[in-house]
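The values are calculated or read from the model by the stated rules, or taken from the named source; none is laboratory data. Just so we're clear, the structure is a prediction, and the values are computed from it rather than from any experiment. As a convention, Cβ positions derive from the backbone with ideal geometry for all residues, glycine included, and neighbour counts pool all protein chains shown. The protein model used for the area step is the full one, side chains on, heavy atoms only, and it has no ligands, DNA or RNA in it. Shrake-Rupley method; radii C 1.70, N 1.55, O 1.52, S 1.80 Å.
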Amino acid sequence: MGPMEQARDERRAGMWMAGLVLFILAASVISFVVAAHIWWLQPLASTQGAAMDAMFNAILIVTAIAFVAVHLFLAVSLARYGARGNERAAHWHEHLGAELTWTIVPAIGLIVLGIVGEVVWAKIYSPPPANAQRVEVTARQFQWYVRYPGQDGTFGRSDPKFISPGNPLGLDPADPANKAEIVTTNDLHLVVNRPVAVRIASVDVIHSFFIPNFRVKQDAVPGRAVEIWFTPDKTGAYQIACAQLCGVGHYTMRGNVTVESQAAFDDWLKKQQKP
């Protein structure tokens, strides 16, 4: 095979590779559109979730543009710049403008997304409002214990040494505040349009408190309590999931969330009180 025939073969190979890159690009875009139509985010039901959805969409748009641009550039390069027998290596200083553009533009995009992400993070992990409902959620293989404080809004003492089959949270029996508290299993009730501060903990392994409709996800770590807050803004029934592999029964670790009016919540809470 002569030099010209070899050059033609390389150009033909470049065209085939360009076609393959375009096929991969088209298949990826079509697959995403079909998958997004079938599986997507759960309907939003919290105030803070709107900022997280906006951040998610911004990242998706930026990365999608970069994904398409890179594949188109690669396809054009393969199709147009096939070997012709007289090529020489190109060095970065010969295309300084392209190199700087390729480096600076993505860097600026990442910096902007990082700043926006920090703003969203600060809003979510800011101190809760003074009128926030107080709830404690404790994870344990494979269920969620929900603890509501008494009328004073404070939780009684607890200690691991008090943990027993009848006292899974280790509540101090000598603390009178614990007598007024209510503990449920896998059943979280919230008031619509009222902020709720949730103190999350674990008594065994790492779990992850996840309510998809609220865009709330927080690890439950043994030995420490983390407080997050959000505002449910739609009444209805939702589900708590564990988003951290926590053992053989991980898939069964689910809880129910009911968002209702203040009157309905007060009525439910009254029914849960000990006689």
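Against the chain, whose longest principal axis is taken from its Cα atoms, helix 49-80 shows a tilt of about 20°. Between the amide H of Gln133 and those of Val196, Ala197, distances stay under 5 Å, these residues lying 5 or more places away or on another chain, with hydrogens modeled in the peptide plane. Within the shell of other residues whose beta carbon sits under 15 angstrom from the beta carbon of Pro168, the net charge comes to -3, with Lys and Arg scored +1 and Asp and Glu -1. Estimated at 0.36 nm per residue, the fully extended path between Val119 and His37 surpasses their Cα-Cα distance by 26.5 nm.
Computed packing ranks the peptides 157-166, 176-185 as 176-185, 157-166, most packed first, by mean other Cβ atoms within 10 Å. Of the accessible area of the chain, computed with a 1.4 Å probe over protein heavy atoms only, carbon and sulfur atoms account for 65 percent. Look at the Cα gyration tensor of segment 133-272: its axes a ≥ b ≥ c give a/c of at least 1.5 with a/b at or below b/c, and that counts as oblate.
Once the Cα atoms are used to define both axes, helix 262-272 deviates from the longest principal axis of the chain by about 60 degrees.
The radius of gyration of the Cα set in segment 198-275, together with its Dmax, comes out at 14.3, 40 angstrom. Separation of segment 248-273 and segment 136-193, taken as the distance between their Cα centroids, equals 13 angstrom.
Order these peptides, 115-122, 129-136, 147-154, by their mean beta-carbon neighbour count within 10 angstrom, highest first.
129-136, 147-154, 115-122
For the chain, calculate the relative contact order in percent as a whole number, restricting contacts to Cα pairs under 8 Å that are 6 or more residues apart. 19 percent. Average accessible surface for segment 125-198: 47 Å² per residue, computed with a 1.4 Å probe over protein heavy atoms with every protein chain in place.
Compute the helix-to-body angle for 3-38: its Cα long axis versus the longest principal axis of the chain, expressed 0 to 90° and rounded to tens. Taking Cα atoms only, the helix is inclined about 20 degrees. Which of (1) 27.9, 98; (2) 17.2, 52; (3) 16.9, 46 is the computed Rg and Dmax of the Cα atoms in Å for the structure on display? Step by step, Rg and Dmax of the Cα atoms in Å for this structure corresponds to label (1). With contacts taken as Cα pairs under 8 Å at a separation of at least 6 residues, segment 119-275 carries a relative contact order of 25 percent. Backbone amide hydrogens, once placed in the peptide plane, bring Ala220 within less than 5 Å of His207, Ser208, Phe209, excluding anything fewer than 5 places away on its chain. With θ taken as phi - 60° and the Karplus curve 6.51 cos²θ - 1.76 cosθ + 1.60 applied, the whole-hertz 3J(HN,Hα) list for segment 102-109 is 5, 8, 6, 4, x, 5, 4, x Hz, x standing for glycine and proline.
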